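As structure tokens, the structure follows; a few thoughts come after it.
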Amino acid sequence: MNKVKAALFDLDGVVFDTEPQYTVFWGEQCREFHPERPGLEHEIKGQTLDQIYDIWFNGELKAVRPLLTERLNAYEAQMDYAFIEGFEDFIDTLHQNGIKTAVVTSSNQQKMESVYRQHPEFKSLFDAILTSEDFEYSKPHPDCYLKAAARFGAKPEECVVFEDSFNGLKSGRAAGMYVVGLATTNAAEAIAPLCDTVIDNYIDQYGRIFSK
């Protein structure tokens, strides 16, 4: 890597250990609306809400989208947003070394308001927070990460992406950035082909990642 200027983080499964909670939520919805497809909640991991709707809640099921959105908003409002182990110290070290930080998430502003209520300090951890409202295209398109890099005047090769989902990893790779995969949502061996390195959490990872 060249001198790193920016570290760009997805949110769920990367900053927060929320993926198990989403599995519970989507498991309930999928059993109700797609009983013919056991385990669908695992198939849709890492997909945006629009992608889930387009693929699985179309045709006759298009009518239930408002209900699902209402349920999801209520669920996210009461979720536990616990940081991935070691994250707070890790991001503090990034700032100490002059590296800009951004959240780059497919989550919308309404979901982020729930995050801010539980973590009033959240905005102070990042130099920028980009949400679905800021992007024209969803992951795996590189649009979101390229926009984040531009926010800091950084070239793709000067950025490190932290992702957990297949679509997110593909987005970072398509943007031409160094990609760190979090084995929080999918197995390490499953995401390894899409990453430059894989980690389980952030404990003692700064030197390993940024000395490359």
Which far-off residues, 5 or more places away or on another chain, put their amide H under 5 Å from the one on Val179, with H placed in the peptide plane? Val161, Asp196, Thr197
Using the Cα centre of the range 96-197 as the reference point, and only Cβ charges (+1 on K/R, -1 on D/E), how large is the resulting charge dipole? Debye, rounded to the nearest 20. 100
Give me a comma-separated list of calculated 3J(HN,Hα) values for the range 109-123, in order, Karplus coefficients 6.51, -1.76, 1.60 applied at θ = phi - 60°, integers in Hz, x for any Gly or Pro. 5, 4, 5, 5, 5, 5, 4, 5, 5, 7, 10, x, 7, 4, 4
Given the options Tyr137, Tyr178, Tyr145, which has the most mean-square fluctuation in a GNM of the chain, springs set between C-alpha atoms less than 10 angstrom apart? Tyr137
Between the helical axis of 87-96 and the dominant principal axis of the chain, each derived from Cα atoms, what acute angle in degrees is found, rounded to the nearest 10? 40
If you take the square roots of the eigenvalues of the alpha-carbon gyration tensor of the range 68-212 and sort them as a ≥ b ≥ c, do you get rounded (a/c under 1.5), prolate (a/b over b/c) or oblate? rounded
Relative contact order for the range 77-199: what percent, with Cα pairs under 8 Å and sequence separation of 6 or more? 17
Give me the percent of the accessible area of the chain that comes from carbon and sulfur atoms, probe 1.4 Å, all protein chains in place. 48
Which sequence of Ser114, Ser211 reflects their accessible areas, 1.4 Å probe, from the largest down? Ser211, Ser114
How many Å² of accessible area per residue for the range 138-212, probe 1.4 Å? 40
Which ³J(HN,Hα) values, rounded to whole Hz and listed in residue order, are derived for the range 149-155 from phi using the Karplus coefficients 6.51, -1.76 and 1.60 in 6.51 cos²θ - 1.76 cosθ + 1.60 with θ = phi - 60°, glycine and proline given as x? 4, 4, 4, 9, x, 9, 7
Rounded if a/c is under 1.5, else prolate if a/b beats b/c, else oblate: with a ≥ b ≥ c from the C-alpha gyration tensor eigenvalues square-rooted, which is the range 96-167? oblate
For the range 20-91 and the range 120-165, write down the distance between their C-alpha centroids in whole Å. 22
Anyone know which of Val14, Val198, Val64 comes out most mobile in the 10 Å Cα GNM of the chain? Val64
Along the range 187-193, what does the Karplus equation 6.51 cos²θ - 1.76 cosθ + 1.60 (θ = phi - 60°) give for ³J(HN,Hα), rounded to whole Hz, x for Gly and Pro? 5, 4, 5, 6, 8, 3, x
Candidates Lys100, Lys62, Lys170: whichever shows maximal mean-square fluctuation once the chain is modelled as a Gaussian network with Cα springs under 10 Å: Lys62
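The values are calculated or read from the model by the stated rules, or taken from the named source; none is laboratory data. Only a predicted model underlies this, so the values are computations on that prediction, with no experimental measurement involved. Don't worry about glycine lacking a Cβ; one is built from the backbone with ideal geometry, like all the others, and counts go over all protein chains shown. Protein only, heavy atoms only, side chains kept; ligands, DNA and RNA dropped before computing areas. Shrake-Rupley method; radii C 1.70, N 1.55, O 1.52, S 1.80 Å.
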